[in-house]
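Okay, so here's the structure we're looking at.
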């Protein structure tokens with residue numbers, strides 16, 4: 001697990017981003033900090049003046065913040081879940097991808113949780129959950145499952161980082177104190193390797209049900225109510241499918257950017273994008289199937305309150321959002337990714353970008369149209385986000401990018417030891433596995 | 001191989017201690033909510049059902065962290081003592 005010096009030289013490109021920082025990095029970081037500052041000023045005005053500075057009102061009391069919350073929690077499925085599944089399936093092509101995915105999870109989960117605090121208006125109200133929470137409420141299931149997922153994902157990110165941190169401890173002087181603490185005295189002995197491999201395997205199994213539970217529980221916040229177009233039994237799996245879908249898309253975008261910026265073309269090859277694109281294509285079809293089933297069932301029931309929301313989405317005020325969502329999540333990715341000629345890195349980037357936009361719109365039109373057409377005798381209302389909400393949205397995205405950039409400056413964004421392990425034992429293991437799948441070669445005597 | 005200075009071991013121990021406090025804090029919080037629902041007769045069975053899943057998961061996470069922490073650190077101390 002511990003790369004020898006000569007073999008490590010092969011992968012110095014993975015340490016380069018840590019030891020060398022270009023001016024472009026600082027310019028990008030400064031720009032992102034400006035956006036975050038803008039979001040901070042917006043939040044300050046919300047703290048001082050209250051939620052009145054947002055577009056939220058009655059009956060639409062959930063808007064951008066809750067949309068962002070569901071969206072970010074969805075993106076978080078990029079990492080831990082995909083990484084864990086690929087690890088358990090022993091997919092050899094996972095090696096340059098897993099860490100990039102795991103970092104996305106931890107960062108966006110944090111941002112998802114923060115958006116809930118924004119939506120509370122007064123952040124001190126979060127303490128009510130601690131003091132007076134009721135487990136009958138799906139909101140509290142959310143708090144519990146997201147806390148569990150964030151904890152599990154952080155551990156799952158940290159464990160495979162230990163051998164790489166030890167390499168940095170021995171080779172990099174900047175932040176050496178940090179690497180020394182995090183490395184836990186790693187020397188790559190047989191005993192240490194055994195401990196770490198076993199712990200990673202346990203965590204890979206644990207995080208899958210936890211991840212699935214998180215987005216199911218997020219969907220329960222809506223489906224456990226009797227609101228039109230929310231009260232649906234398939235919301236749990238529908239949300240999980242959407243989450244994995246948007247997660248893969250976000251991962252592809254991150255891969256393209258990291259590959260380009262840090263010149264890691266040798267590690268992230270077209271074949272990696274091809275495999276992820278095929279996964280994205282499958283998820284796009286699955287997403288369409290769930291959407292179709294959800295809307296067809298609602299339409300066939302013909303329940304009057306349900307139909308108001310249904311038609312508002314398909315032909316009414318929300319139709320531009322609905323059809324943009326279908327275009328972005330289904331038609332564009334399927335058209336690009338179905339053909340080998342267009343299933344290139346650029347094609348994957350284009351499809352993923354539309355999917356990320358489409359999935360954000362999907363979260364928006366799940367939440368807002370239902371609230372705009374309440375059962376109570378309120379007039380139907382339209383929700384328009386204010387500049388404060390736009391600023392907070394931009395700030396959330398900027399925080400995500402900045403934290404991701406900072407991570408790449410502190411730790412290898414591609415797992416060094418896993419690449420080395422792939423070179424040293426992966427090939428042999430794969431050959432053994434393929435041999436195990438095939439019928440054993442008959443001996444001359446058994447042929448008779 | 002050079003041994004880590006003593007302050008590094010202290011910080012690592014403090015990290016593990018904080019994580020342990022966090023896990024027991026979450027478990028304590030869940031138990032408190034069960035007690036509250038029990039006292040108010042506010043369907044405590046629901047709270048118990050969720051705690052039956054959440055508490056073991058947190059204990060498992062604590063177990064994994066401890067296993068890695070003492071497994072890796074223990075191997076170093078064993079090697080040094082030899």
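The values are calculated or read from the model by the stated rules, or taken from the named source; none is laboratory data. Please read all numbers here as calculations on a predicted model, not as lab measurements. All Cβ positions, even for glycine, are placed from backbone atoms using ideal geometry, and neighbour counts span all protein chains on display.
Data overview
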| read-out | value |
| --- | --- |
| Flag if residue A:165 is within 30 Å of residue A:53 (Cα to Cα), more than 9 Å from chain B (Cβ to nearest Cβ) and either touching a residue at least 40 places away in the same chain (Cβ under 8 Å) or crowded, with 18+ Cβ neighbours inside 10 Å (or both) | no |
| Options B:16, B:33; residue that is more than 26 Å from residue A:158 (Cα to Cα) and either at the interface with another protein chain (Cβ under 7 Å from one of its Cβ atoms) or at pLDDT 90 or above (or both) | B:33 |
| Filter result for the condition that a residue is farther than 22 Å from residue A:276 by Cα, outside any helix (DSSP H, G or I), in contact (Cβ under 8 Å) with a residue 24 or more places away in the chain and out of contact with any strand residue (DSSP E or B) (no Cβ under 8 Å at 6 or more places or on another chain), over A:376, A:371 | A:376 |
| Cβ-Cβ under 6 Å pairs, at least 6 apart or on other chains, segment A:333-353 side touching a residue at least 40 places away in the same chain (Cβ under 8 Å), far side in a loop (DSSP other than H, G, I, E, B) | A:337/A:343 |
| The lone exception for residue A:211 - which of (1) within 14 Å of the chain's Cα centre (by Cα); (2) surrounded by fewer than 20 Cβ atoms within 10 Å (Cβ to Cβ); (3) within 14 Å of chain B (Cβ to nearest Cβ) it fails | (2) |
| Flag if residue A:358 is in a helix (DSSP H, G or I) and more than 30 Å from residue A:61 (Cβ to Cβ) | no |
| Residue in segment A:107-127 that is under 17 Å from residue B:51 (Cβ atoms) and in contact with a helix residue (DSSP H, G or I) (Cβ under 7 Å, 6 or more places away or on another chain) present | no |
| Lone qualifier among A:217, A:195 - being touching a helix residue (DSSP H, G or I) at 6+ places or on another chain (Cβ under 8 Å), free of Cβ contacts under 8 Å to residues at least 12 places away in the same chain and within 12 Å of chain B (Cβ to nearest Cβ) | A:195 |
| Criterion: more than 27 Å from the chain's Cα centre (by Cα), part of a helix (DSSP H, G or I) and within 24 Å of residue A:13 (Cα to Cα) - qualifying residue of A:177, A:186 | A:177 |
| Filtered residues of segment B:56-73 (kept if over 19 Å from residue B:29 (Cβ atoms) and more than 7 Å from chain A (Cβ to nearest Cβ)) | B:63, B:66, B:70 |
| Within segment A:286-346, helices (runs of 4 or more DSSP H) holding 2 or more residues that are farther than 24 Å from residue A:226 by Cα and at pLDDT 95 or above | A:319-326, A:332-337 |
| Elements of type helices (runs of 4 or more DSSP H) in segment A:81-161, at least 3 residues being within 14 Å of chain B (Cβ to nearest Cβ) and surrounded by 20 or more Cβ atoms within 10 Å (Cβ to Cβ) | A:138-158 |
